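Read through the structure below, which is laid out as structure tokens, and then see the notes.
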């Protein structure tokens, strides 16, 4: 084989490798795009399947560190200011939630949540549990007097009341978001969200719950 023929063979091989490499790159890019779409779809499905509200039992070792055991509210409206009474140190809301057992969720709600405005004009959202969720909540509050309950909406602690008595299945939510001239409107938004969530889960086949 002379030099010219060898050069032509090498050129063809190089071109072939370049085409194969380009095709492989396109396949990898396409696979990555499909994987990204699958992850986005899975994330969206998980969000849609997750209840909008959770009632969580805060472990007894954690208490609110605000004045008179009241919550401290940050600039985004999150309840913060938790104290670990065993280690005598501040602890993040994320850590508290990670150790807080879910007692009931908006899956267990009747779709009749509504806004009640008190004599001082402060709105609260009244909710009612049903079925096993109502019984679990009643049992939990009966044995947890003096402890705290986290009311979590879309993974944000919006209220953290101290349990003072057994709650048989009905409750009220007050949030810092309900302060100010838009307070009633914000309370109505939450009541609507809870009712939509209750209806969404009640419409699902029992086996999927």
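The values are calculated or read from the model by the stated rules, or taken from the named source; none is laboratory data. Quick caveat, the model's predicted, so the values are computed rather than measured. All Cβ positions, glycine included, derive from the backbone under ideal geometry; neighbour counts span all protein chains shown.
Examine region 145-153 for a residue that is more than 19 Å from the chain's Cα centre (by Cα), surrounded by 19 or more Cβ atoms within 10 Å (Cβ to Cβ) and in a loop (DSSP other than H, G, I, E, B), and state whether such a residue exists.
There is no residue in region 145-153 that is more than 19 Å from the chain's Cα centre (by Cα), surrounded by 19 or more Cβ atoms within 10 Å (Cβ to Cβ) and in a loop (DSSP other than H, G, I, E, B).
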Check your understanding: Do we have residue 51 as in contact with a helix residue (DSSP H, G or I) (Cβ under 9 Å, 6 or more places away or on another chain) and at pLDDT 90 or above here?
Key -> yes
Check your understanding: Taking region 176-187 as the search range and keeping residues that are out of contact with any helix residue (DSSP H, G or I) (no Cβ under 7 Å at 6 or more places or on another chain) and buried (at least 16 other Cβ atoms within 10 Å of the Cβ), which one is nearest to residue 149 (Cα to Cα)?
Key -> 176
**Study point:** Residue list for region 190-204, restricted to those being surrounded by 15 or more Cβ atoms within 10 Å (Cβ to Cβ) and without any contact (Cβ under 8 Å) to a residue 24 or more places away in the chain
**Key:** 200
